[in-house]
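Everything below concerns the one structure shown next.
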Amino acid sequence: MTHLNETQLEDLLAGQPEPQAARHAEACDACRACLDEARATRERLRSTFAGVTASAALRARVQAAMGAEAALGRQPHRPHMRVFGLPVNRWSGLAAAAVLALAVLVPLAMQLAKPETALATQEFAALHGRNLERHAAGSMFASEQPGAIAEHLKGRLGFAPAMPADTETAAVCACCVQSFKGDAAATYLVRTQQGVLSVIVIRDPPDALGLPDRHERGGKTYWSDASAACRVAAVRLGEHTYCAVGRVPVESLVDVLAKLSPPEQ
Amino acid sequence: MADSETLRDEVVEHLDTLLRAALALTGRRERAEDLVQATALKAIEGARTFRPGSNVRAWLLRILRNTWIDEVRHARVVGPTIPAEEALLAGPEEPEPTSWSNAADLLENFSDEQIIGALRELPDDQRLTLYLTDVEGLDHAEVAKVLDVAVGTIKSRTARARTLLRQRLHAHARDLGFVERMQQ
């Protein structure tokens, strides 16, 4: 018999060998060495991943996100009564998301959250992740025209948020409405040379977000948090706070915020 | 179709498995956590496609794998959210054949991060196949169901992935001087 092929070796490793292959393995030093190497690799892989478990923070984050998703429950073909541009069932969903966020994330912030990373930063990172995931799934409103994005969000929330003025360096590509602390938040994706980031528009003032760093630029105050891989910068424009979120340097986030054209009044 | 609450409980129950699989795919803890969250959301969105009584773990792993593929494709379209090197589904190069006389000893020289790094050098489907077979201990038929390929393909893919991983590690061992040290 020639040496064992890949399939026979795999069957042996899985403990389901053909009798002939098992006999060969007993007699053949070369095949036994192959099996020993494969077993050693398998054991090393197992030990590598043995200590990998989901942290309490991840469990809470996933549970909150799933709760919000379940509460928002998409029913795109059914006509809805709308309040301030949002379907009524969405408002109840957002309220449920708010309860979940308060019930899960606030205690987490007090007990488990890393002290160096603001809770808001973690929430913004989660929203940004959802934006990317939804954009990939084609479930965001997509347009490369800032005017179309602003108009779409105005139809949903009653106001047109500020948009990047320089589309050469910051090109919008999609938008949607998400929930931040139970409130509807306009959000859109911006493509820059450094990467894709989300701009999230919220009512909370920036100084209430717990972002640790603060600096002045062009007469405006910017708050930021660079402690996590997904960084955040925020600035107040009119009645809203604009938060740029992404895995890019804070300076790039501030660049995008600094070039937002004022919202329509 | 499972009710949403039951499904959420199932997802939470399998978070460790999902996180490990995500780490095998992404190679980075933070990206793995993002992938797990995206997978959980897709599971809730796709609750109607889940049949109670069927294999939840396999269903979730399949969603995770598809989410990762979508993310890599998306990164190619919208830009470098994922570093370019991560987005590449590189095919295997042809490394030199290797033979280990003391495989277990050699493997112990590597840190867990180095093992995960070497795993990341394998093509996506190879490393997920190897991960599901060797780490999660799924049988070949279960892995075939997750990845939607024939059982025979899984067997040969697992063997090739393991060989490729050993070759990568051997190359790193040479670079790091482990081989020479062990031969002295």
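The values are calculated or read from the model by the stated rules, or taken from the named source; none is laboratory data. This one's a predicted model, so the numbers in the text were calculated from it and none came from an experiment. Glycine gets a Cβ as well: all are built from the backbone with ideal geometry, and neighbour counts include every protein chain shown. Side chains included, ligands, DNA and RNA excluded: accessible areas come from the protein's heavy atoms. Shrake-Rupley method; radii C 1.70, N 1.55, O 1.52, S 1.80 Å.
Taking 20 Å² as the minimum loss, tell me which residues in the stretch B:123-140 lose that much accessible area going from the chain by itself to the full protein complex (1.4 Å probe).
B:ASP134, B:VAL135, B:HIS140
Quick query: amide H of A:GLN194 versus all other amide H atoms, modeled in the peptide plane; which residues come in under 5 Å with a sequence gap of 5 or more or a different chain?
Amide H to amide H, under 5 Å and 5 or more residues apart or across chains, A:GLN194 pairs with nothing.
Computed on protein heavy atoms with a 1.4 Å probe, what is the summed buried accessible area for the chain pair A and B, in Å² to the nearest 100? Intermediate values should be presented prior to the final figure.
Details: alone 14620 and 10500 Å², together 20340 Å².
The A and B chains share an interface burying roughly 4800 Å².
What does the accessible area of B:ASP9 come to, in Å² to the nearest 10, when a probe of 1.4 Å is used?
Rounded to the nearest 10, the figure is 100 Å².
Just to be sure I understand the model, the point goes 7 Å from the Cα along the line to the Cβ. What's the resulting B:VAL151 to A:GLU43 distance in nm?
2.8
Hey, which lysines would be in cross-link range of A:LYS220, C-alpha to C-alpha under 19 Å, not counting anything within fewer than 8 residues on its own chain?
A:LYS259
Name the residues of the stretch A:38-66 whose accessible area, probed at 1.4 Å, falls by at least 50 Å² once all protein chains are in place instead of their chain on its own?
A:THR41, A:ARG44, A:LEU45, A:ARG46, A:THR48, A:PHE49, A:VAL52, A:LEU58, A:ARG59, A:ARG61, A:VAL62, A:MET66
Under the definition of Cα pairs under 8 Å and six or more residues apart, what whole-number percent is the relative contact order of the stretch A:110-239?
21
If a paramagnetic tag sat 7 Å from the Cα of B:ASP16 along the Cα-Cβ line, which residues of the stretch B:134-156 would have the backbone N under 13 Å from that point?
Flagged as within label range: B:136.
Students often forget the sequence filter, so: which lysines lie under 24 Å Cα-Cα from B:LYS155 once same-chain residues fewer than 8 apart are removed?
Straight-line reach from B:LYS155, under 24 Å: B:LYS145.
Give, as a single signed number, the net charge of other residues whose beta carbon lies under 12 Å from the beta carbon of A:VAL235, with Lys and Arg counted +1 and Asp and Glu -1. Could you put the intermediate results ahead of the total?
Working: positive: A:ARG214, A:ARG217, A:LYS220, A:ARG236, A:LYS259; negative: A:ASP207, A:GLU216, A:ASP255.
Here the charged neighbours net out to +2.
Compute the FRET efficiency between B:ARG62 and A:GLN20 as 1/(1 + (r/R0)^6), taking r as their Cβ-Cβ distance and R0 = 35 Å, and round to the nearest 0.05. Provide the component values of the computation, followed by the final result.
Numbers: r = 35 Å, r/R0 = 0.99.
According to the calculation, E is roughly 0.50.
Testing the spin-label approximation: label points 7 Å from Cα along Cα→Cβ at A:ARG203 and A:ALA27. State their distance in nm.
Once both label points are built, they end up 8.2 nm from each other.
With θ set to phi - 60°, apply the Karplus curve 6.51 cos²θ - 1.76 cosθ + 1.60 along the stretch A:181-194 and write out the HN-Hα couplings as whole Hz, x wherever there is a Gly or Pro.
Per residue, the Karplus-derived 3J(HN,Hα) values read 6, x, 9, 6, 10, 6, 8, 9, 8, 10, 9, 10, 5, 7 Hz.
Net charge within 14 Å of B:ASN66 by Cβ-Cβ distance, Lys/Arg positive one each and Asp/Glu negative one each, not counting B:ASN66 itself? All intermediate terms of the calculation are to be shown ahead of the outcome.
On the way: positive: B:LYS42, B:ARG62, B:ARG65, B:ARG73, B:LYS145; negative: A:GLU133, B:GLU45, B:ASP70, B:GLU71, B:ASP124, B:ASP125, B:ASP148.
So the environment of B:ASN66 carries a net charge of -2.
What is the calculated FRET efficiency for B:SER54 to A:SER227, with r their C-beta to C-beta distance and R₀ = 51 Å, to the nearest 0.05?
Numbers: r = 42 Å, r/R0 = 0.82.
Efficiency, rounded to the nearest 0.05: 0.75.
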